[in-house]
Each structure stands twice: as structure tokens, then as C-alpha cells.
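Reviewing the structure listed below.
The values are calculated or read from the model by the stated rules, or taken from the named source; none is laboratory data. As the structure is a prediction and not an experimental result, all values here were calculated from the model. A quick note on method: Cβ atoms are made from the backbone with ideal geometry, for glycine too, and the neighbour counts reach across all protein chains shown.
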Amino acid sequence: MQSFVSLFTAEKVKQPTAKELWGVSMHQALPFIGFGFLDNLIMIVAGDYIDLTLGTALGITTLTAAALGNTISDVAGIGSAWYVESIALKGRALGVTLGCLLGMVPLCFLPTPEKEPEKKEVKKDMEKAILPT
């Protein structure tokens, strides 16, 4: 039978190897790559769509459109949280960072700043139609 003192003494634990630490890190980080990817993907696509449609129609700024896109992305994140949490219980900054960077892929496919003069023209036309001269 164990003595009272031996019940509360810590056993020596072997120090994990670098390979074991890397494996745990990857296990914890990988699911959050997917979360970061989805978060940025939805935010960029929604923000760009809002900027091109509501932004020109209502005259909101690009940053306002980006904030609205982020709101949509956050709401979508609530819906996808169960899927992410079912894959892993804890996340790490590495996974979210890598996922966010991967989620910026839509930026490669969005039109370049040539669309800005067109957007300004639409805004000027709307101002002329709305504001009395």
C-alpha cells in the first residue's frame, strides 16, 4: 500500500523530443488553418461584393464594406465553429496565421485598381442624380 506522502509526490516525466513537440504542434494547428482560410475567404469575397454593389449604390467607403464583409465572415464562423471544434479542441496561432494567409488567395483573382476610377465615376453620377445643383 502506498504511503500518504507518495500519493502527492510528482513522478519524473521524460522531456518530450523535438519530433514529439512538432507532432503535437501540427495536430493542434492544422484545423485552424482551415478556420483562418474560411474566415479570410468569406471576408474578402463578401467585402468586395458589398463594395461593388452597396458601396457604389449607397456611397459607403471601402473600409465600411470591408467591415460588413468581416461581420458576414464572423457570422459564418459561428456556424462553422462546430466543425472546427469537432476536429480539434484547442488551436494555435500558427494554424490561424497560416489559414488567414491562405484565405487571402481571392486577392489574386480580384480586379486590380483599374476598377477604382470606374467606381468614382459611378459615385459622381449618383451624387449628380441625388444632390440638387
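Just a few scattered comments:
- Subset of segment 34-51 (residues that are among the β-branched types (Val, Ile, Thr), crowded, with 21+ Cβ neighbours inside 10 Å and under 16 Å from Cys100 (Cβ atoms)): Ile42, Ile44
Conditions tested, residue by residue: (1) over 24 Å from the mean Cα position of the chain (by Cα); (2) modelled with pLDDT of 80 or more.
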| residue | (1), (2) |
| --- | --- |
| Ser6 | yes, no |
| Phe32 | no, no |
| Leu41 | no, yes |
| Ile50 | no, yes |
| Ala57 | yes, yes |
| Ser80 | no, no |
| Tyr83 | no, no |
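- Answer residue from segment 52-82, given it is in a helix (DSSP H, G or I) and in contact (Cβ under 8 Å) with a residue 60 or more places away in the chain and is surrounded by the most Cβ atoms within 10 Å (Cβ to Cβ) among those: Gly55
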